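A.B. asks: My structure is below; once you've seen it, I'll send some questions.
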Amino acid sequence: MFIKYLIVFIISMIPMIELRGAVPVALSPSDMTFFFGLQGMGLPVIPAYITCIVGNMLPVPFIFFFARKVLEWGADKPVIGKFFTFCLEKGHKGGQKLHEKAGRGLFLALLLFVGIPVPGTGAWTGTLAASLLDMDFKSSVAAVLLGVILAGVIMGLVSAGIFGALGMVA
């Protein structure tokens, strides 16, 4: 049983997959197959959610404090410089647009950005955006955490609906 939780925990930490991929894997029955032949875990809801949330939030402080510094460090390097500069410029432009549109509602905007499960809008991206916007650590982590919880609830409901419908057909 521990290995199932460990797998779900690790999936939650992977960029672009994060909790959005881990929740369906954790909650689906063991006879369902996912990416790379990974089978559903059939874990209980509450422990699965806690595992997914902790796994998704673990990289957040590291991203907040170090990702911007790494991008700035690598911006003038020969091989990676163009890509790192692109990431910084894209982050600054996106952050400015978000800041202009959200104004004082930046906390809520970050929460919804992380919480609505569409590709490219998870805890990793939201935390990097908060770092580039110079948001304070506590409010950005709180917004990302609430967004991760929202995304987990949405993915759980979607998973239950999809898997429940598949179960009725089979």
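The values are calculated or read from the model by the stated rules, or taken from the named source; none is laboratory data. On a predicted model such as this, the values are computed, not experimentally measured, just so you know. Every residue, glycine among them, receives a Cβ derived from its backbone with ideal geometry; neighbour counts consider all protein chains shown. Areas reflect the complete protein model, heavy atoms only, side chains present, ligands, DNA and RNA absent. Shrake-Rupley method; radii C 1.70, N 1.55, O 1.52, S 1.80 Å.
A.B. asks: What residue, of Pro15, Pro61, Pro24, is assigned to a loop (DSSP other than H, G, I, E, B), closer than 22 Å to Gly126 by Cβ and either touching a Lys or Arg at 6+ places or on another chain (Cβ under 6 Å) or of a type outside the set (Val, Ile, Thr) (or both)?
C.D. replies: Pro15
A.B. asks: May I pose another question? Would you tally the residues in region 19-35 being within 20 Å of the chain's Cα centre (by Cα) and open to solvent by 10 Å² or more (accessible area, probe 1.4 Å)?
C.D. replies: Adding up the residues that qualify gives 6.
A.B. asks: Working carefully through the options Val54, Val118, find the one that is without any contact (Cβ under 8 Å) to a residue 60 or more places away in the chain, open to solvent by 40 Å² or more (accessible area, probe 1.4 Å), of a type in the set (A, V, I, L, M, F, W, C) and outside any helix (DSSP H, G or I).
C.D. replies: Step by step, each of Val54, Val118 is checked, and only Val118 is without any contact (Cβ under 8 Å) to a residue 60 or more places away in the chain, open to solvent by 40 Å² or more (accessible area, probe 1.4 Å), of a type in the set (A, V, I, L, M, F, W, C) and outside any helix (DSSP H, G or I).
A.B. asks: Let me spell it out: the conditions are (1) open to solvent by less than 30 Å² (accessible area, probe 1.4 Å); (2) under 23 Å from Cys52 (Cβ atoms); (3) aliphatic (A, V, I, L, M); (4) touching a Lys or Arg at 6+ places or on another chain (Cβ under 9 Å), and Leu132 meets all of them except one. Which number is the exception?
C.D. replies: Of the numbered conditions (1) open to solvent by less than 30 Å² (accessible area, probe 1.4 Å); (2) under 23 Å from Cys52 (Cβ atoms); (3) aliphatic (A, V, I, L, M); (4) touching a Lys or Arg at 6+ places or on another chain (Cβ under 9 Å), the odd one out for Leu132 is (2).
A.B. asks: Would you confirm, using the coordinates I've provided, whether Glu72 is touching a Phe, Trp or Tyr at 6+ places or on another chain (Cβ under 9 Å) and without any contact (Cβ under 8 Å) to a residue 40 or more places away in the chain?
C.D. replies: yes
A.B. asks: Another question, then. Which residues, counting only those in region 137-148, are of a type outside the set (Gly, Ala, Ser) and crowded, with 19+ Cβ neighbours inside 10 Å?
C.D. replies: Step one: filter region 137-148 for residues of a type outside the set (Gly, Ala, Ser), giving 137-138, 141, 144-146, 148.
Of everything in region 137-148, those that are of a type outside the set (Gly, Ala, Ser) and crowded, with 19+ Cβ neighbours inside 10 Å turn out to be Val144, Val148.
A.B. asks: Quick check: anything in region 70-89 among the small types (Gly, Ala, Ser), assigned to a helix (DSSP H, G or I) and within 18 Å of the chain's Cα centre (by Cα)?
C.D. replies: So far as region 70-89 goes, no, none of its residues is among the small types (Gly, Ala, Ser), assigned to a helix (DSSP H, G or I) and within 18 Å of the chain's Cα centre (by Cα).
A.B. asks: List, please: which pairs have Cβ atoms under 6 Å, are six or more places apart or on different chains, and start with a residue in region 137-150 that is within 13 Å of Leu106 (Cβ to Cβ) and hydroxyl-bearing (Ser, Thr, Tyr) and end with one that is at pLDDT below 95 and open to solvent by 30 Å² or more (accessible area, probe 1.4 Å)?
C.D. replies: Within 6 Å, the pairs are Ser139/Phe107.
A.B. asks: A follow-up question, please. How many residues does region 75-94 hold that are open to solvent by less than 50 Å² (accessible area, probe 1.4 Å) and in contact (Cβ under 8 Å) with a residue 12 or more places away in the chain?
C.D. replies: 6
A.B. asks: Oh, and also: If you take the residues in region 36-51 that are surrounded by 19 or more Cβ atoms within 10 Å (Cβ to Cβ) and either out of contact with any Pro (no Cβ under 9 Å at 6 or more places or on another chain) or of a type in the set (A, V, I, L, M, F, W, C) (or both), which one is nearest to Gly147 (Cα to Cα)?
C.D. replies: Going through the qualifying residues, I end up with Tyr49.
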